[in-house]
1. For region 171-311, which whole percent of the accessible surface, found with a 1.4 angstrom probe, sits on carbon and sulfur atoms?
2. Exposed loop GluC sites (Glu not before Pro) only (DSSP loop, at most 15 other Cβ atoms within 10 Å): please give the longest stretch of the chain free of them, not including the sites.
3. Could you tell me which residue out of Val281, Leu65, Gln50 lies farthest along the dipole of the chain toward its positive end? Charges go on the beta carbon: Lys and Arg +1, Asp and Glu -1, centred on the Cα centre.
4. How about region 182-245: which trypsin sites (Lys or Arg not before Pro) there lie in a loop by DSSP and see at most 15 other Cβ atoms within 10 Å?
5. Assuming R0 = 30 Å, can you tell me the calculated FRET efficiency for the pair Leu151 and Lys59, based on Cβ-Cβ distance, to the nearest 0.05?
6. Rg(Cα) of region 164-257 divided by 2.2 N^0.38 Å?
7. Please report the projected area of region 58-161's Cα convex hull averaged over all directions, in nm².
8. Sort Leu95, Leu212 from largest to smallest accessible area, using a 1.4 Å probe on the heavy atoms of the protein chains.
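The values are calculated or read from the model by the stated rules, or taken from the named source; none is laboratory data. Just so it is clear, the structure is predicted and the values come from calculations on it, not from any experiment. Cβ coordinates were reconstructed from backbone atoms using ideal geometry, including for glycine residues, and neighbour counts include every protein chain displayed. Note: areas computed on protein heavy atoms with side chains; ligands, DNA, RNA excluded. Shrake-Rupley method; radii C 1.70, N 1.55, O 1.52, S 1.80 Å.
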Amino acid sequence: MASFAFLAAPFALMAWPRPTVEGTHAKLEYAEGSRDLLVIFSSRSTQKFQYVGTFADAKINKLFLVDRTGLSWYQEGVPGFADDLVGIAQRIRELKRVNRFKTVTCFGASMGGYAAIVVGALAKVDRVVSVSPQVVFHRGWDLTPPQGTPLAEISASKLVREAKKTRFEILTSSEILDVYHASLLSELPNVKVAVAQSGHNVLKDWKVNGILGASVTSIVIAGEPVSNYSDVRIKTAAIKDRLKECLAAYYKRDFATSADVGRQILKFCPDWFDANAMVGVSYFNLKRFSLAIPYLSRAHTIYSLNRSIYP
């Protein structure tokens, strides 16, 4: 009589061919016993895998991805992995299916945060954690792909809205540009936004303060809410349109308009360091120093550690 004892082996422990992803821009590390996948997108101006040490002790499968040029916001894909954002999402879905992963989480900051949101929405992953991400591109503004980079016709907000079962958690810095980007998604039901009193590179500040590893793993691995790391209250719904107007004027060097709109924003968020600083810097550029000083002094009182944008 034939023996079928092998059927008693736990299904999850049976061996099957697992795809290998190994290269300079894409690397998949398997963790024995884990059925979860963490996808980590590197940030701007880097050609190396990021957060390897941060997640070194996490017993979870990890896929590290690096942008082709470090400046294309993953529009040109990941060498040896996929040619564009849609292709990256397709590969992630394929890896989930072939490896029988139960959950997929996307994580990244700044440019990597943009990729985490767009790819996470396209792939309809379970969760996205994004730090100070870009959501839309305006030529001539900061944190935008170089002029020669072809931009895909992708609406991040539309994709996020359609990925109804995906949880998007955004921890943004308090810089006006970052808050503007976060505000574009903040009203969607599957999005949670928190604002940290910090410059754009929140994670660098955490590293300097010695809390990067513990904080990131608590949020990304343990699922701690990003709201626990919020120390600024900003009424994004009330000021969303004014944020765009203020920034557009500032980047056009129309400092009179950026100062005027910035003062309107302060009516809703009087204790916002960056809004006070924006008005002060705008007046400073207009050489209206008597008007600039009160706003810059107010900003310094609110957050004396951030002096990087003072004239």
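1. 51 percent
2. Values: sites that count: Glu32, Glu153, Glu187.
That gives 188-311 as the longest site-free run.
3. Toward the positive end, the furthest listed residue is Val281.
4. On the way: sites: Lys192, Lys204, Lys207, Arg233, Lys235, Lys240, Arg242, Lys244; in loops: Arg233, Lys235.
Taking region 182-245 and a limit of 15 other Cβ atoms within 10 Å, the loop trypsin sites (Lys or Arg not before Pro) found are Arg233, Lys235.
5. 0.20
6. Details: Rg = 14.8 Å, N = 94, 2.2 N^0.38 = 12.4 Å.
That ratio works out to 1.19.
7. With every direction weighted equally, the projected area is 6.8 nm².
8. In descending accessible area the options line up as Leu212, Leu95.
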